[in-house]
Amino acid sequence: MPDPAGVARLTLRNITKQYPGCLANDSIDLTIAPAEIHALLGENGAGKSTLMKIIYGLVKPDRGELLWDGKPVTIRDPAHARKLGIGMVFQHFSLFDTLTVTENIALALGDEAGALDTLAERIRTVSSRYGMAIEPDREVHTLSVGERQRVEIVRCLVQDIKLLILDEPTSVLTPQEVETLFVTLRRLAAEGCAILFISHKLHEVKALCHNATVLRAGRVSGECDPTAVDTTHMARLMVGEDTPVSTTYPKALGTEAVLEVEGLSLHSPDPFGVHLNDISLTVHAGEIVGIAGVAGNGQAELLACLSGEQRIRQGETLSLCKVDVGDLRPDQRRALGLAFVPEERLGRGAVPAMSLSENALLTGYLHGPVKHGMVAWHKVAAFADEIISRYKVKTPGRQARADSLSGGNLQKFIIGREILQQPRVLIAAHPTWGVDIGAATAIHNALIELRDSGVGILVISEDIDELFEISDRIGAICDGRLSPVIPTPQSSIEALGRMMAGDFSAAGGDA
Amino acid sequence: MITLEPRGEPSRSMAWLSPVLAAGLTLLSGFLLFTLLGQDPFDAMVTILYTPIADTQGIAELCVKATPILLCAIGLSVVFKAQIWNIGAEGQLLMGGLCGSYMALQLLEADGIWVLPLVLISGVLGGMFWAGIAAVLKVRFNTNEILTTIMMNYIALNLLLWAVHGPLKDPDGFNFPESALFGDAAILPILIDGTRVHFGLLLALLAVVAVWVLMSRSFYGFQIRVMGLDAGAARLAGFRERRLVYVALLISGALAGLAGVGEVAGPIGQLVPQISPGYGYAAIIVAFLGRLHPLGITLATFLMALLYMGGEMAQIGLGLPLALTELFQGMLLFYLLACDVLINFRFRLKRKAVTGIQG
């Protein structure tokens, strides 16, 4: 536990940062003691990223001061921050795939790296001391995502580190890997290193952290001791009083099969892509099938096969309502009743620079608004208005550009657009990724309502909690292979975690 | 200190103000330039920008000059919306002129209402053929269309020079490098008596309206715009990318080809080595100056046509080199690109930023 009597490692006073049209940080105070694991909680857009960029010297605050070991300091840039002993592990790794672990770390350290073989030795020592096995000579592209994260952490640890900032470190890990990471972090803290743990997963914060600062809309909305309060209290601090925090949904049983994948194998042409290996999967009308998995295990490749961006030449592999669709284009599959919500909202789900009306036409063109090659814009407008009102999309109107909407509102728009086309099968990738809790609940409700109307739904997500909440049957994808899909009540977080790591024996018997 | 600060969202008014600002800065630079050259700047500006259109005959000539530029630019607006950078309108125009001339020369003795359409269609097909080659290379081999279309411009020019010095040369033309004069049936009718304004202007205005309808009302136009803004979304929505690339490039080639045949079958009346003083290149500037919008392009076309005429006036009246036209075109595009920064950024006066405490 932190020592309350000593000098704080880092103190932020009154930190304020104004971006055009958005007050990202508003008079934020934060104190982290040596040996303390401090959680920074908040929804997307609450100001967490800005604050940590200020600490790491990437962004200059407009106002406020920063005390390091009790002395005021202006952090000029990340190099200066590293010199002070601040290390940071970003959500998106900054590693070179074709270089070895040692070479990557040497690049980050610059002149301090010294000779490569002594550095490799240091890496071995550090990684074994903190229980993070990595082999310094391996090339990064051969590492799993969890291992890559270890490289990022070890890169911070080979320096003399006093404060480690981790940005959503668990979002790329299986539950078992999360446990291993926590062991490492606890050991690190016990040796006196302060840790700033940025997350929105409350049970992890509760399991790991000594203190928590909660941000909402750029301000500190509360501080608490996560070991003492329950997660609902923290969730309230994050989202405010009026938003429903979570719901449980009754599970359902599907009827006839509407989406069938049988023995799908695909060799990815991308050197860093994942090859799909004998994937079989059935989605029935009136059920939600959830597929968990750590990013980069073949989800993108599988989704491309399902949407039709990647066509499957071998017949009898993919059928939609008993029609073989493997060799059909996306629009032909849509005509047969397939709806699709892609992972990237801006860039594939919606065209950023186009209005909501035009984005309604983007996939809604099959159902009425196009006659003889001409667009009936009044019909498109009516469709856009219907989506906006039915799914409570917060926007000035249908003329607003897609990229002016928040992530949650745009996702509500996209999901509404797909649902209102009355599909027979809906495929949704990471439907609530980066979405605030209010919008996530609305999206879950919409999916459940759609399921109850008899549509077959496939959800691929990295968010295990979400999958347990809404799926009726659940499975996991690992290295291009799909585990057996079992009824959710018969699974557990622990079993699913093993499946995400490639151990499918846990599900074998029940499938 | 003045800094550039990103705007929250792109400024709509600035998108239209930027061309105006660019035109203003071009004028200002022209002013300085003439002063440095020892000319009276007011006099020079009047010579370039007003004298050419001081009478109705001048305005008619402006329309004659504007016709090919407008056709090329409106066609380019279609491909540019698809983010396909066709720099080859010049070559497509030359091929249109060449193929149209070939057809007209085959029909020297023919008479009838069908002759002119046949000549025009040949020109259009010539332009489409030239753009089609670039389209095939892009779709089949993923070749960068900027390079291929530029190279095709040179090939088209040399093909035309070969034809006019060789097979299409007028046998009774005392060995001058020009073809025989086309038959009357192959010549575009004059719209206004006593001027050179011909039927091509109507075709160009028709093309503007057609492209307007295509891009804002038709589903094809919508797909082309989506493909340009966001290819990933277009693919996921099931739009057929290859087909759209062909359609966009062929439309732009067809209109450039029409511009070319409109010149040889219009004001020129025969095939000569010089059928275009770079209209196809000027059209690129016009398309951007007009914000790829039909109305903007029409306005920008007339400005560009005026610059062409002004350059000639400056050569005759002030003894300045004809390169002046290109200089003004260049400045216009340069200032436009510079001013476009203001769509997404704004200037801000800033004193020393953070009053932080140095550690």
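Accessible surface of A:Met88, taken over heavy atoms with a 1.4 Å probe and every protein chain present, rounds to 10 Å². Against the criterion of solvent-accessible heavy-atom surface with a 1.4 angstrom probe, A:Asp29, A:Asp479 sort, most first, into A:Asp479, A:Asp29. Altogether, the Stokes-Einstein calculation at 4 °C and 1.567 mPa s, with the Kirkwood radius of the range A:377-511 over Cα pairs as Rh, returns a diffusion coefficient of 79 µm²/s. Most simply put, the protein assembly as shown has about 55% antiparallel DSSP beta bridges, counting only bridges with both residues inside it.
Interface size, chains A and B: roughly 2500 Å² of accessible area buried, both sides included, 1.4 Å probe, rounded to the nearest 100.
Would you mind computing Rg(Cα) / (2.2 N^0.38 Å) for the range B:40-319, counting N as its residues?
1.02
Over the range B:40-319, Cα pairs under 8 Å with separation of 6+ residues give a relative contact order of 39 percent.
For the residues B:Met45, B:Met95, B:Met215, a GNM of chain B with alpha-carbon springs under 10 Å puts the largest fluctuation on B:Met45.
Taking Cβ atoms as reference points and 11 Å as the exclusive limit, the residues near B:Gly183 contribute a net charge of -3, counting Lys and Arg as +1 and Asp and Glu as -1.
If the chain linking A:Leu336 and A:Ser453 were pulled fully straight, counting 0.36 nm for each residue of separation and taking away their Cα-Cα distance, it would gain 40.4 nm. The residues of the range A:330-368 occluded by other protein chains by 30 Å² or more of accessible area, set against the chain on its own, are A:Pro330, A:Gly347, A:Arg348, A:Val351, A:Met354, A:Glu358, A:Leu362, A:Tyr365; surface from heavy atoms, 1.4 Å probe. Between rounded, prolate and oblate, where does the range A:274-344 land on the alpha carbon gyration tensor, with a ≥ b ≥ c its root eigenvalues, rounded for a/c under 1.5, else prolate if a/b exceeds b/c? Note, shape of the range A:274-344 comes out rounded.
With a simple spin-label model that places each label point 7 Å from the Cα along the Cα-to-Cβ direction, the separation between B:Met151 and A:Ser128 comes to 5.9 nm. Once the Cβ-Cβ distance of A:Ser492 and A:His141 is raised to the sixth power relative to R0 = 35 Å, the FRET efficiency obtained is 0.60. On C-alpha positions alone, give me the angle between the axis of helix B:294-313 and the longest principal axis of chain B, in degrees, nearest 10. Roughly 70 degrees between the two axes. Computed over the range B:221-359, the P(r) tail beyond 25 angstrom holds 52 percent of alpha carbon pairs. What is the sum of charges, Lys and Arg at +1 and Asp and Glu at -1, for the other residues whose Cβ falls under 11 Å from the Cβ of A:Gly47? With Lys, Arg at +1 and Asp, Glu at -1, the net is +3. Spin-label pair B:Asp55-A:Gln399: with each label point 7 Å from Cα along the Cα-Cβ axis, the two points sit 4.7 nm from one another. How would the range A:97-239 be classified by its alpha-carbon gyration tensor: rounded, prolate or oblate, with rounded meaning a/c under 1.5 and the a/b versus b/c comparison settling the rest? It comes out prolate by the Cα gyration axes.
Using the heavy atoms of the protein chains alone and a 1.4 angstrom probe, what is the accessible area of the protein assembly as shown per residue in square angstrom? Ligands and nucleic acids excluded, the result is 43 Å² per residue. Each residue of the range A:321-338 was assigned a 3J(HN,Hα) from its phi angle through the Karplus expression (A = 6.51, B = -1.76, C = 1.60, θ = phi - 60°), giving 6, 6, 9, 6, 10, x, 9, 9, 6, x, 5, 5, 5, 4, 4, 8, x, 9 Hz with x at Gly and Pro.
Heavy-atom accessible area with a 1.4 Å probe sorts B:Phe42, A:Phe383, largest first, into B:Phe42, A:Phe383. Across the protein chains, with a 1.4 Å probe defining accessible surface, the residues A:Leu253, B:Leu320, B:Leu337 rank A:Leu253, B:Leu337, B:Leu320 from largest area downward. Taking a sphere under 15 Å around the Cβ of B:Leu320 and counting the other residues whose Cβ falls inside, with K and R at +1 and D and E at -1, yields a net charge of -4. Buried on complex formation within the range A:301-318 (loss of at least 20 square angstrom of accessible surface versus the isolated chain, 1.4 Å probe, ligands and nucleic acids ignored): A:Glu309.
Convex hull volume of the Cα atoms of chain A, normalised per residue: 156 Å³. Report, for the range A:10-239, the % of DSSP beta bridges that are antiparallel, rounded to 5. Approximately 55 percent, going by the DSSP bridge assignments. Within the protein assembly as shown, what whole-number % of the accessible surface is contributed by carbon and sulfur, with the 1.4 Å probe and all protein chains included in the calculation? The C+S portion of the solvent-accessible surface of the protein assembly as shown is 59 percent.
Note on chain A: helix-only mean residue ellipticity at 222 nm, from DSSP H runs of 4+ residues weighted -39500 (n - 2.57) and normalised by residue number, equals -9500 deg cm²/dmol.
Distance between the pseudo-spin-label points of B:His165 and B:Ala323 (7 Å out from Cα toward the beta carbon): 2.4 nm. The distance from the alpha carbon centre of the range B:65-122 to that of the range B:137-169 is 15 Å, rounded to a whole number.
Pairs spanning more than 23 Å between alpha-carbon atoms, out of A:Lys60/A:Lys206; A:Lys71/A:Lys201; A:Lys60/A:Lys83; A:Lys17/A:Lys48; A:Lys60/A:Lys162; A:Lys53/A:Lys201: A:Lys60/A:Lys206; A:Lys71/A:Lys201. With a Förster radius of 30 Å applied to the C-beta separation of A:Val229 and A:Thr16, the computed FRET efficiency comes to 0.60.
The values are calculated or read from the model by the stated rules, or taken from the named source; none is laboratory data. Small disclaimer: the values here were computed from a predicted structure and weren't measured. Ideal geometry is used to build each Cβ from the backbone, glycine not excepted, and the neighbour counts take in all protein chains shown. Heavy atoms of the whole protein, side chains included, go into the accessibility calculation; ligands, DNA and RNA do not. Shrake-Rupley method; radii C 1.70, N 1.55, O 1.52, S 1.80 Å.
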